[in-house]
1. Would you tally the residues in the range 189-229 being small (Gly, Ala, Ser) and either on the phi > 0 side of the Ramachandran plot or touching a Ser or Thr at 6+ places or on another chain (Cβ under 6 Å) (or both)?
2. Residues to consider are 214, 198, 177; find the one that is under 25 Å from the mean Cα position of the chain (by Cα) and under 21 Å from residue 308 (Cβ atoms).
3. Of all the residues that make up the range 260-290, how many are of a type in the set (Asp, Glu), in a loop (DSSP other than H, G, I, E, B) and buried (at least 18 other Cβ atoms within 10 Å of the Cβ)?
4. Can you give me the number of residues within the range 105-126 that are closer than 13 Å to residue 167 by Cα and either open to solvent by 60 Å² or more (accessible area, probe 1.4 Å) or modelled with pLDDT of 75 or more (or both)?
5. Just to verify a result, which residue in the range 243-259, among those that are charged (D, E, K, R) and farther than 21 Å from residue 229 by Cα, is surrounded by the fewest Cβ atoms within 10 Å (Cβ to Cβ)?
6. What pairs can you find where one residue is in the range 237-255 and closer than 18 Å to residue 219 by Cβ and among the aromatic types (Phe, Trp, Tyr), the other is in a helix (DSSP H, G or I) and open to solvent by less than 10 Å² (accessible area, probe 1.4 Å), and their Cβ atoms are less than 8 Å apart, with a gap of 6+ or different chains?
7. Looking only at the range 308-330, count every residue that is of a type outside the set (Val, Ile, Thr) and open to solvent by less than 10 Å² (accessible area, probe 1.4 Å) and tell me the total.
8. What are the residues in the range 131-161 that are of a type in the set (A, V, I, L, M), open to solvent by less than 60 Å² (accessible area, probe 1.4 Å) and either over 25 Å from residue 171 (Cβ atoms) or over 40 Å from the mean Cα position of the chain (by Cα) (or both), if any?
Amino acid sequence: MNFRSLILIISFIFSLALSGMNYYYERDLPTFLFILILSFVLSFSLLNYVFQKFVYERIKAVYKLIHNLKLGKELKDALGDHKSEDPIGDAEKEVRDWAKQKTTEINQLKAQEKFRKEFLSNISHEFKTPLFAIQGYIETLQDGMLEENPTMAVNFLNKASRNLDRLSYLIHDLDEIAKLESGEVIIKKEKFDLNPLIKETIDDLDYKAKENNIILNYNTKGNYPILVRADRKKIQQVLINFIDNSIKYGKKGGETHIKVLPLIDQVLIEITDNGHGIEEKNLSRVFERFFRADKSRSREVGGSGLGLAIVKHIIEAHQQNVHVRSTEGIGTTFSFTLEKA
């Protein structure tokens, strides 16, 4: 109901009441009709003027202010020329929409704050572990171990060096993910054969697989070319990460299967292990920075905890998709798509 309809109803009720009182005392029908019409016209005109002058124009101004502020205009420009046929109804809708928008923004800010706190907590933990280890080794060496036990001193220096490497990897990965998120990393797409790249990556990681008694199987029919359009170095980084993870978290004496499946306009690459698997509740979080499904096991096998997050950014920078599926006690499959060349 707009304001004019409201004025009509109020005017009619007022004029009916006034003329009804006159008819009650005078019992004169012509006078009743005259008063009814005259009072209706006068009350409508008066109420319309009052509403227009003191209420309607102000509501229109409020509506314009809300509408233009919602569009992102500066406060000094917010009272623009935007008009409405029903400013009361439109103002109500604008306020409701604005309230929903602000509620969404508040929830997003809360989520960002929670993420920030978790991120700072995680990165603090990741840095503290190697730093405290390095500090302990150096203090022990300073206390006289260099002279007392040179062999043990060399062992401690080697352990300190490995922790320094861990810090270096962590800083490198943090820098890389920051560049990927900001768009600083340029994806240099080229046409290349995926087949030899996968074989090359398997050869590079074969020694690690043998150390863990894991067989790497690349299931492909013949040596036919698998032509894709992507950044070759970045895709090799993705393959290394997925295959390396399958070795780290696979069962001793198990297998990793790498498959390439042609789609219509894409190629699907799957890396499957027969490890312990990931709990269903954790599947949606595996690509988060520093998230570890099995924290105790993850600390043992090392890594920065940023590898899967980097992989996700690389694949999405190619405008492609990355997925994970897993069953506890059976294994995990990571897959991603690439554009066919």
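The values are calculated or read from the model by the stated rules, or taken from the named source; none is laboratory data. Predicted, not measured: the structure shown is a model, and the values here were computed from it. We place every Cβ from the backbone using ideal geometry, glycine too, and count neighbours over all the protein chains shown. Ligands, DNA and RNA are stripped out before the accessible areas are found, and what is left, the full protein with its side chains, is counted by its heavy atoms. Shrake-Rupley method; radii C 1.70, N 1.55, O 1.52, S 1.80 Å.
1. Count: 1.
2. Working: 214 fails: under 25 Å from the mean Cα position of the chain (by Cα); 198 fails: under 25 Å from the mean Cα position of the chain (by Cα).
None of the other options fit; the residue is 177.
3. Initial filter on the range 260-290 (of a type in the set (Asp, Glu)): 265, 270, 273, 279-280, 288.
So of that shortlist, the ones also in a loop (DSSP other than H, G, I, E, B) come out as 265, 279, 288.
Pick out the ones that are also buried (at least 18 other Cβ atoms within 10 Å of the Cβ) and you get 288.
Here the count works out to 1.
4. Residues in the range 105-126 being closer than 13 Å to residue 167 by Cα and either open to solvent by 60 Å² or more (accessible area, probe 1.4 Å) or modelled with pLDDT of 75 or more (or both): 1 in total.
5. Looking at residues that are charged (D, E, K, R) and farther than 21 Å from residue 229 by Cα, I get 252.
6. If the second residue must be in a helix (DSSP H, G or I) and open to solvent by less than 10 Å² (accessible area, probe 1.4 Å), the pairs left are 242/311.
7. 2
8. Of everything in the range 131-161, those that are of a type in the set (A, V, I, L, M), open to solvent by less than 60 Å² (accessible area, probe 1.4 Å) and either over 25 Å from residue 171 (Cβ atoms) or over 40 Å from the mean Cα position of the chain (by Cα) (or both) turn out to be 141, 145, 153.
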